[in-house]
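Below is one structure, written out as structure tokens; the observations come after it.
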Amino acid sequence: MRVCSILAASAAFASRVHGLNILITNDDGFGTANIRELYKQMIALEHNCYIVAPVSDQSSMGGHTLFTSSPSLTTDSEWGIVKAGAPSAGTDPYDNHIWYYNGTPAAQVLVALDYILPTFANFDTPDLVLSGPNFGWTLGPFLYTISGTIGATIAAIERGIPAIAFSSGNTIPTPYFWVNTTTKVGLQDPATITARLASSLVQALIVKANGAPVLPKGYGMTVNLPYITSYASDKCTNPPFVLSRMAQNASMKVSYSSKTGLFGLSAEGNGLCLDGDCSLPIEKDVLNSHCMSAVTPFSVEYISTSYHGECFNTTDVTALVPIVVQTNVSTTPGGGLSANITIVGNVSVTPSVSVPPPAITAITGMGVQAQWSASALMLCLGVAAFVL
């Protein structure tokens, strides 16, 4: 079997399991509740974190890389956190690890990597980039061109930095200073629970990587969390993570409202599976079930796999990134906040060696015995013997 040459993994990860340098960004704005709660949770896990995010909402900008033409803000930031006349790139009034920039989500990542972090942080290149959690789901293949949350993620991945995007079923953006210690029913704020879920998955991936990159080069992950009900009840406060795939053969359609005279977009997909593990559920189906989170790996490799067929054993991404997966979710009592959350799977990418498909047991310590088999994968990637 012919296999592409594989590069050595970065030595920077060799001795570090915990305490990563992490950049957190989003498209909803640097003052939103979701991003600030994720920042707090990752700091509590003893990671060195910086936020660099838009001064105000930059949703639906996709991968646009747009920079402001003004050195100062011409209007107040969202929720008035910083005022007109302040620099177009600056810090939160109370935390110099939290930065804003007046540009698109993709621009945030580039400004962070090439200016803010090298100039003001104690590291130049982050070990990991987290985007979100977005207010509203980010679903389907159109996320490449529409979602600002994913646009920021892709900007990082294209620079060789692992990146994970998070999106929430709670759709109304709120500022960080509206976060309640408890809701009227005695539960944590939805933004806090969303951040705890996201951070638990991230931490499990970091621990599983054991000092190696959290994801292979060229790969990212999009995680969609369900609507968290903690304002009113505990009906959905600890959803399990379910490995999923994007709907393929999707079409983008325009809708027109005669009442408003405005156009809008909607995406439709028939669930056709063109590649990857076709046994996985579509992420939308996971979210439309009862309180589950959809976890979908993706690649930024645009070169046709058929053109480089000699470099591929299969295009099954899930074999390269075995993660938290619950295949028997209807009988699974555990959720994303379990103290026993475990990343499972053992897949090697080794030059010139055929790797047999592993049997992967899902979630130890959470009452799950279901198994799934992932096909072996040999990709044209700059990753050496990546073992999960």
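The values are calculated or read from the model by the stated rules, or taken from the named source; none is laboratory data. Everything quoted here is computed from the prediction, not taken from an experiment. Cβ atoms come from the backbone with ideal geometry, glycine included; neighbour counts cover every protein chain shown.
Here's the yes/no breakdown for (1) at pLDDT 90 or above; (2) among the basic types (Lys, Arg):
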residue: Leu20; (1), (2): yes, no
residue: Lys40; (1), (2): yes, yes
residue: His47; (1), (2): yes, no
residue: Gly63; (1), (2): no, no
residue: Pro118; (1), (2): yes, no
residue: Pro126; (1), (2): yes, no
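In segment 231-245, the qualifying residues are those that are assigned to a loop (DSSP other than H, G, I, E, B) and of a type outside the set (S, T, N, Q), and the one that is nearest to Asp277 (Cα to Cα) is Pro240. When residues in segment 153-206 are screened for being small (Gly, Ala, Ser) and within 18 Å of Glu283 (Cβ to Cβ), 6 of them pass. For segment 259-296, the set of residues classified as at pLDDT below 75 and assigned to a strand (DSSP E or B) consists of Leu265, Ser266, Ala267, Glu268, Leu272, listed by residue number.
Among all positions in segment 66-81, there is at least one residue which is farther than 29 Å from Ile228 by Cβ and acidic (Asp, Glu). Tally the residues that are within 18 Å of Val214 (Cβ to Cβ) and among the aromatic types (Phe, Trp, Tyr), restricting the search to segment 113-167. Adding up the residues that qualify gives 2.
Taking every residue in segment 278-291 that is farther than 19 Å from Gly335 by Cα and pairing it with any residue that is at pLDDT 85 or above and surrounded by fewer than 19 Cβ atoms within 10 Å (Cβ to Cβ), at least 6 positions away or on another chain, yields no pair with a Cβ-Cβ distance below 9 Å.
Sub-8 Å Cβ pairs linking a first residue in segment 150-165 that is outside any helix (DSSP H, G or I) to a second residue that is among the acidic types (Asp, Glu), at least 6 apart or interchain, are Ile161/Asp127; Pro162/Asp127, ordered by first then second residue. Restricted to segment 114-149, and to residues there that are within 19 Å of Gly19 (Cα to Cα) and part of a helix (DSSP H, G or I), the residue that is nearest to the chain's Cα centre (by Cα) is Leu117. Can you tell me how many residues in segment 163-200 are under 17 Å from Tyr39 (Cα atoms) and surrounded by 23 or more Cβ atoms within 10 Å (Cβ to Cβ)? Going through segment 163-200 one residue at a time, the tally reaches 15. When Val82 is tested against (1) touching a Gly at 6+ places or on another chain (Cβ under 8 Å); (2) of a type in the set (A, V, I, L, M, F, W, C); (3) in a helix (DSSP H, G or I), only condition (3) is not met. Filtering segment 175-230 to residues that are part of a loop (DSSP other than H, G, I, E, B) and free of Cβ contacts under 8 Å to residues at least 60 places away in the same chain leaves Asn180, Thr181, Thr182, Thr183, Lys184, Val185, Gly186, Leu187, Gln188, Tyr227, Thr229, Ser230.
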